[in-house]
Amino acid sequence: MIRLRNVVKLYRAGSVVVPALRGITLDIERGDFVSIIGSSGSGKSTLMNIIGCLDRPTRGTFELAGHDVSKLSDDQLAYARGRQIGFVFQAFNLLPRMSALEQVELPLTYRGGKNQRRSAMKALADVGLGDRMHHKPNQLSGGQQQRVAIARALVGEPSVILADEPTGALDTKTTADVMDIFVRLNRVQGMTVIFVTHEPEVASYTDRVIQLRDGMIVSDTVATSPPLGAIQEHEVLWGPGIKGLRPVLQSEAPA
Amino acid sequence: MMLYKMMRSAVSELGVNKLRTALTMLGIVIGVGAVIALMSVGQGASKGIAAEVNALGSNLLFVEPGAPGEETDTEGFSTASFTLTADDVEALRQSTALPNVEAVSAVSQIPLDSQVTAGGNTAQVTMTATDEYFMAVRDFELEAGSYFSAQDLDRKTRNTVLGSQTAIDLFGSAEAAIGQKVRINFGPFSLDLTVIGVMKERGASGEGSEDEQMFMPLSTFQARVPFARSPTGGQSVSQIVIKVDDSGKVDSSAEQVRSVLLTEHDFSEDFTVKTQNDLKSTAENVGKVMTILLGAIAGISLFVGGIGIMNIMLVSVSERTREIGIRKAVGARRNDILTQFIVETVVVTLLGGLVGVALGVTVALTIDGHEFGTGSSIGTAVTPLSVGIAFFVSAIIGLFFGIYPAFRASRLDPIEALRTE
């Protein structure tokens with residue numbers, strides 16, 4: 001579903017050309033649960049921007065859901081973002097003056113179509129915020145804000161959820177709650193989820209870890225044990241947040 | 001995004017920084033208010049002048065010295081325009097070629113206010129020297145006493161008839177004025193006159209009110225006042241007023257009067273025949289020029305207000321860079337962002353326009369009828385046209401000055417925008 005071939009991204013800093021990506025070839029299939037890790041400057045943010053249709057590669061091709069998006073115009077990229085990509089950011093990136101419901105409705109208003117409000121309400125209920133729809137961001141906790149952001153990413157039924165350090169601004173307890181949502185999304189709904197992070201703990205939730213260094217993939221490992229094992233490793237760390245999750249995973253996870 | 005949602009989000013956005021929104025709007029409020037208030041003064045002036053022309057009487061022709069189109073002092077004193085004489089007046093009266101002319105009256109007016117005193121009281125008046133036909137031609141009526149007769153003109157009597165306000169200013173009432181003596185001063189000359197009548201109130205306000213006037217026989221004026229005579233010693237008049245018996249015959253009569261006078265003047269057209277409509281259109285043109293001038297001045301302040309709005313919108317765009325980045329990340333296209341900011345700007349200017357209309361109308365109503373030390377009251381008239389123009393222009397200003405900031409916003413790179421704090 002995501003197909004990158006020799007993707008190169010160059011930035012021009014004054015007269016110096018800086019390569020941010022130096023030939024990335026990568027396939028991510030529908031329903032994958034992937035993390036892209038690397039230290040800062042490794043190129044993982046650039047890669048996320050390209051996969052998220054915020055940016056175009058300098059060279060190479062990028063196919064998203066069967067379409068080559070590497071040569072699209074700005075407005076075509078915006079269209080692709082609205083239909084295919086759901087962003088979740090470290091800093092939540094909610095609009096301070098909008099209620100939770102309005103935030104979640106926003107992607108739909110740019111797409112047009114009917115039943116926008118109902119879809120937004122359903123997405124909020126899915127992340128457990130059915131009773132907080134009319135709260136503004138400053139009336140919500142960090143975990144709740146990130147759940148609003150997740151609902152906003154989900155409401156357009158995208159092909160991919162792209163989460164950039166999704167728990168970077170959360171404490172361990174709420175991290176577990178938010179991770180729970182991502183794991184359910186992937187396991188239960190088969191949603192393709194990509195994390196971009198520098199935290200190995202976050203990456204350990206995923207089935208596949210792609211490590212970047214200096215704009216190149218240095219390792220691409222598929223977890224030998226399913227993520228359930230990874231969660232159990234952290235059970236002590238996160239305590240009760242996991243307990244509710246486990247039966248769901250055991251009963252509903254696809255074989 | 002639907003326009004309704006955009007309007008709603010624009011209004012809530014503007015509510016966030018109320019002081020800033022109010023200050024931004026103020027420029028438009030003052031601009032629109034100024035346009036409406038000042039245009040109302042201009043239009044009030046047009047209407048006032050038109051009303052004065054109507055108040056002159058009905059079906060009138062005016063013959064004035066000087067060729068048509070030539071700039072002359074119509075009062076005939078300061079320029080060498082002594083081309084109309086008593087002979088012309090007599091020729092018009094005797095002519096058989098003027099079937100619709102009812103009456104002909106000769107008038108000499110002193111263009112500046114003259115000072116008249118009686119007892120200890122003083123008043124400023126317009127001195128009008130005329131003949132026995134004047135009352136009938138100009139539709140004046142008497143309040144008290146009597147008007148000049150042919151004898152007054154023949155004998156060059158020192159009799160005078162006062163305007164209603166002048167009688168009140170000098171003697172307290174019309175009746176009290178009859179039989180009293182007044183002294184009129186024309187610069188170094190002065191003349192004692194006896195009041196034989198007082199006119200009814202005419203009511204026309206504004207410059208040169210007809211109620212602050214004094215009448216004397218034209219023959220007396222020409223005999224007693226040195227500068228009333230032309231350089232050649234002829235008995236010149238500054239205006240001939242002709243009453244036509246049928247409103248449909250005004251234009252044809254004007255043409256007949258012209259040919260009679262042409263013959264009289266040996267086919268040299270050194271006079272102008274004007275109808276009341278000519279006067280009215282001249283007055284209206286003056287009013288129009290004034291309205292446009294005042295409107296343009298006010299328009300400048302509206303333009304300045306627009307620049308203020310553009311400034312604030314540019315600040316707003318840079319403050320909300322991150323918001324723009326978020327909107328783009330969730331699928332907003334350039335046009336979505338562009339429309340959002342233009343709608344916000346137009347909402348500000350339209351709100352400002354509404355408040356400005358209210359302010360302008362209030363100011364126009366407040367200054368209506370006041371003198372402000374000018375000696376004549378300022379009339380204002382707010383027309384739907386000026387309100388419409390002001391409102392429309394404020395919307396256009398919003399569009400015009402909103403486009404650039406909105407364009408900047410729409411062009412922001414989403415990655416950069418998301419990175420800003």
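Laboratory data are not the source of any read-out in this text; all were calculated from the coordinates shown. Only a predicted model underlies this, so the values are computations on that prediction, with no experimental measurement involved. Backbone-built Cβ (ideal geometry, glycine too); neighbour counts: all protein chains shown.
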field: Net charge of neighbours whose Cβ lies under 15 Å from the Cβ of A:A123, counting Lys and Arg as +1 and Asp and Glu as -1
entry: +3
- prompt: How would you rank B:R320, A:R81, going from fewest to most other Cβ atoms within 10 Å of each one's own Cβ?
  reply: B:R320, A:R81
message: Using only the alpha-carbon atoms, how far is helix B:250-264 inclined from the longest principal axis of chain B? Give it as 0 to 90 degrees, nearest 10.
response: 50
- prompt: For segment B:67-269, with the dipole built from +1 on Lys and Arg beta-carbon atoms and -1 on Asp and Glu ones, taken about the Cα centre, which of B:A223, B:S105, B:G120 lies farthest toward the positive end?
  reply: B:G120
query: Between B:A136 and A:V188, how many nm apart are label points set 7 Å from Cα along the C-beta direction?
result: 10.7
task: Please determine, in degrees from 0 to 90 and to the nearest 10, the orientation of helix B:18-55 with respect to the longest principal axis defined by the Cα atoms of chain B, where the helix direction is its Cα long axis.
output: 20
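Can you give the extra length, in nm with one decimal, that the chain gains between B:D246 and B:A395 once fully stretched, where that is 0.36 nm per residue apart less the Cα-Cα distance? Before the final figure, lay out each step's value.
On the way: separation 149, 0.36 × 149 = 53.64 nm, distance 4.97 nm.
Between B:D246 and B:A395, full extension yields 48.7 nm more.
List A:T221, B:T194 from most exposed to least, where exposure is judged by having the fewest other Cβ atoms within 10 Å.
Final ranking by Cβ density, sparse to dense: A:T221, B:T194.
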query: Among B:156-168, A:103-115, how do they line up from the highest to the lowest mean number of other beta-carbon atoms within 10 Å?
result: B:156-168, A:103-115
field: Per-residue [θ]222 nm for chain B (sum of -39500 (n - 2.57) over DSSP H runs n ≥ 4, rounded to 500)
entry: -18000 deg cm²/dmol
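Taking the Kirkwood radius as the inverse of the mean 1/r across Cα pairs, report the Rg/Rh of segment A:112-232.
1.00
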- prompt: Once both labels are modelled 7 Å past Cα along the beta-carbon direction, what's the B:N17-B:T362 spacing in nm?
  reply: 2.6
message: Can you give me the Kirkwood hydrodynamic radius for the protein assembly as shown, using every pair of distinct Cα atoms, in Å to one decimal?
response: 32.5
field: Acute angle (nearest 10 degrees) that the helix B:276-319 long axis makes with the longest principal axis of chain B, alpha-carbon atoms
entry: 20
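I'd like the antiparallel share, as a percent to the nearest 5, of DSSP beta bridges with both residues in the protein assembly as shown.
Percentage antiparallel, nearest 5: 70.
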- prompt: Considering every residue in B:317-328, what mean count of other chain Cβ atoms within 10 Å of its Cβ is obtained?
  reply: 3
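In what order do B:H370, B:H265 fall by count of nearby beta-carbon atoms within 10 Å, going from fewest to most?
Ordered by Cβ neighbours within 10 Å, fewest first: B:H370, B:H265.
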Relative packing of B:409-418, A:176-185, which averages over residues the other C-beta atoms within 10 Å, highest first: A:176-185, B:409-418
Helix-only CD estimate at 222 nm, as mean residue ellipticity for chain A, using -39500 (n - 2.57) per DSSP H run (n ≥ 4): -11000 deg cm²/dmol
query: Between B:G15, B:G295, B:G48, which gets the highest mean-square fluctuation from a Gaussian network model of chain B, Cα cutoff 10 Å?
result: B:G15
- prompt: Per residue of A:72-84, what is the mean number of Cβ atoms on other protein chains within 10 angstrom of that residue's Cβ?
  reply: 4
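Dipole of chain A, Cα-centred, from +1 at each Lys and Arg C-beta and -1 at each Asp and Glu C-beta, to the nearest 20 debye?
700
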message: With both bridge residues required to lie in chain B, what share of the DSSP beta bridges run antiparallel, to the nearest 5%?
response: 80
task: Would you mind pulling out the separation of the Cα centroids of segment B:336-399 and segment B:32-60, in Å?
output: 20
- request: Can you figure out the FRET efficiency of B:N311 with A:A65, using R₀ = 41 Å and their beta-carbon distance, to the nearest 0.05?
  value: 0.40
- request: Report the local net charge at A:V222: Lys and Arg +1, Asp and Glu -1, summed over other residues whose C-beta lies under 14 Å from its C-beta.
  value: -4
- prompt: Which whole number gives the average, over all residues in B:305-315, of C-beta atoms from other chains lying within 10 Å of the residue C-beta?
  reply: 0
statement: The orientation-averaged projected area of the Cα convex hull of segment A:33-182, in nm², is 9.5
message: Along the charge dipole of the protein assembly as shown, pointing to its positive end and built from +1/-1 on Cβ of Lys, Arg, Asp and Glu, which listed residue (B:G15, A:P107, B:F189) has its Cα farthest out?
response: A:P107
message: If you take every DSSP beta bridge fully contained in segment B:67-269, what fraction is antiparallel? Give it as a percent rounded to 5.
response: 75
query: In a solvent-free Debye calculation with one equal scatterer on each Cα, what is log10 I(q)/I(0) for segment B:306-421 at q = 0.16, 0.17, 0.22, 0.23 Å⁻¹, listed in the order of the q values?
result: -0.76, -0.81, -1.08, -1.13
query: Going out from 0 in 5 Å bins, what whole percent of all Cα-Cα distances in chain A drops into each bin?
result: 1, 6, 13, 17, 19, 17, 13, 9, 4, 1, 0, 0
- prompt: Out of every Cα pair in segment B:67-269, what percent are spaced more than 33 Å from each other?
  reply: 15
Those chymotrypsin sites (Phe, Trp or Tyr not before Pro) in segment B:237-332 that DSSP places in a loop and that have at most 13 other beta carbons within 10 Å: B:F267
- prompt: In debye, nearest 20: dipole of chain B around its Cα centre with unit charges on the Cβ of K, R (+) and D, E (-)?
  reply: 2740
- request: Return the single residue from A:E102, A:E29, A:E165 with maximal mean-square fluctuation; model: Gaussian network over chain A, springs between Cα atoms under 10 Å.
  value: A:E29
- line: Largest fluctuation, B:T122, B:T345, B:T96 only, Gaussian network model of chain B with Cα springs under 10 angstrom, belongs to B:T96
